[in-house]
Every structure is written in structure tokens, then in C-alpha cells.
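Below is one structure, written out as C-alpha cells; comments come after it.
The values are calculated or read from the model by the stated rules, or taken from the named source; none is laboratory data. Small disclaimer: the values here were computed from a predicted structure and weren't measured. Heads up, the Cβs are rebuilt from the backbone with ideal geometry, glycines too, and the neighbour counts pull from every protein chain shown. What goes into the accessible areas is simple: the full protein's heavy atoms, side chains included, and nothing from ligands, DNA or RNA. Shrake-Rupley method; radii C 1.70, N 1.55, O 1.52, S 1.80 Å.
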Amino acid sequence: VSEAMSAACPWLVLVPCLQQVAGWCGLTWRGWRLLASSGALALIVLLLPVKGLMIARWVAGVSVNFSIPLTGMLAIAVWERTFARRIFSHVDWATGWSFGAIGGLVLYPLALGLSSFDPYEWGWRFSPLFVIMGALTSWLIWKQNRFGFLLVLAVVAFQLRLLESSNYWDYLLDPIYCLVSLVWLGGRLTAHIRGGVVRRDAPSGV
């Protein structure tokens, strides 16, 4: 099961890439037909051996544990693209990327020795981390933010030990998720700053 979970993220990244290539080639398939064809081709690519090891395992070597929120967000992105149906609102997406960015900034610098406090230890046993995540998840669901359901799935996956890790943090965050989230956050901040500059430079009355 853990190997299948580690291959899920690469598969979910490769599928929309193949769909984009199909569009460039003039293929007009949509819906299940497009998902089945691109999904099967992505699976074949990931199973190809390179130096005696499948491509999927090479990718897993970069990040063994892809977090549940990242996997869920990629799955939603693939579904929305394939079927042209919105599942996440703009607020849901912003919450997901903000969670990855803020969580990464809280976890990784401290876990790498920035201070004597290591929050990663909280993931091994019941700790304030579980209380905080329970409160955050409950609040998001109460606010009808669908990202909260991905946090629920992270708890379920942790209880079932679906990933190779037995630390709760690894079910919530992973380095790739945090890096992409930080890029997103940087883009939003840049756009906000530029927007503020444009508004200040605009003539009065505009």
C-alpha cells in the first residue's frame, strides 16, 4: 500500500502533462475517455525500468512520503481539468497552499536544528499537534472549506499507516508540498505588492 501511495503523486502529475500534450496534438477527448487513456499511459511510463529500477521508485527516492493533502489536491486538480467541474473554490485552494507554506516554515527549520525545540517529535505520539490539527480541521469543516476534508483523510491514512512513515507530520506535509506552496505564496505576495503600487500610481479619481 505504501508503494502505491508513493507512486500516486508522480502519476497525478504526469496525467495532466500527458493530457496537455494530447491537446497540442489535436486530440479532443474529454471525460472518462481522456482520463483512462492518459492514466494508462502515465502508469506505463512510471513502470518503465531505468537502470534496473522503475521510474516510480526513482521519483520515490526524491521524496518517499508524499503527504495526503498534496496527493488529494493533485487528484482534485486532475479531476477538475479532465471533467471541467470545480471541486475546490479559490478559497479552498488558497487554504491548501497556505497550509503547506505555513506548516513548512514552522516544521522544517526547527526540525533541522534552528532551535533546541523539534516539533517533529510531536508526530510520534499524542501531542499538542493532534489537538491543534483537530481544532483546525473542525473549524475548516464548519466554515465549509473543503480542504478540511483532506485533513480528515490525513488522519484516516495515519491511523491505517498507509505511508511508510509512522510520524503524523509526514501525513500532513512533505518538502515538495511545502516548496510548491511557498512558490504560490511568493507569487500571491508579489501580485499583491504590484497591485498596491499600481493603485498608488493611478491618477486620483480613477
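Please list the non-local residues whose amide H lies under 5 Å from the amide H of ASP174, H modeled 1.01 Å from N, same-chain partners needing a gap of 5 or more.
Sorted by chain and number, the residues that satisfy this are SER67.
Would you rank VAL156, VAL91, VAL15 by solvent-accessible area, highest first, keeping every protein chain in place and using a 1.4 Å probe? Present the calculation step by step, with values, prior to reporting the outcome.
Working: VAL156 70, VAL91 95, VAL15 0 Å².
So the residues, ranked largest to smallest area, are VAL91, VAL156, VAL15.
Probe radius 1.4 Å, ligands and nucleic acids left out: which of TRP32, TRP184 has the largest accessible area, and how do the rest follow? Please report the intermediate quantities before stating the final value.
Numbers: TRP32 165, TRP184 65 Å².
From most accessible down to least: TRP32, TRP184.
Can you work out the Karplus-derived ³J(HN,Hα) for every residue in region 121-134? Use 6.51 cos²θ - 1.76 cosθ + 1.60 with θ = phi - 60°, whole Hz, and x for glycine or proline.
5, 5, x, 7, 8, 4, 7, x, 4, 5, 5, 4, 5, x
What is the dipole size for the chain, taken about its Cα centre, with +1 at each Lys and Arg Cβ and -1 at each Asp and Glu Cβ, in debye to the nearest 20? Before the final figure, lay out each step's value.
Details: 15 positive and 9 negative charges, 144 e Å.
Charge dipole of the chain: 680 debye, to the nearest 20.
On average over all directions, what projected area in square nanometres does the chain have, based on the convex hull of its Cα atoms? Don't jump to the answer; show the numbers that get you there.
Working: hull surface 65.9 nm².
The orientation-averaged projected area of the Cα hull of the chain comes to 16.5 nm².
Report the Rg/Rh value for region 78-158, based on alpha-carbon coordinates and the Kirkwood definition of Rh. Don't skip to the answer; put the middle values down first.
On the way: Rg = 15.0 Å, Rh = 14.3 Å.
My calculation puts Rg/Rh at 1.05.
With θ set to phi - 60°, apply the Karplus curve 6.51 cos²θ - 1.76 cosθ + 1.60 along region 73-86 and write out the HN-Hα couplings as whole Hz, x wherever there is a Gly or Pro.
Values, residue by residue: 5, 5, 4, 5, 4, 5, 4, 5, 5, 6, 10, 6, 10, 7 Hz.
Given N residues in region 22-121, what is Rg(Cα) / (2.2 N^0.38 Å)? Each step should come with its number before you reach the end.
Values: Rg = 18.3 Å, N = 100, 2.2 N^0.38 = 12.7 Å.
For region 22-121, the normalised Cα radius of gyration is 1.45.
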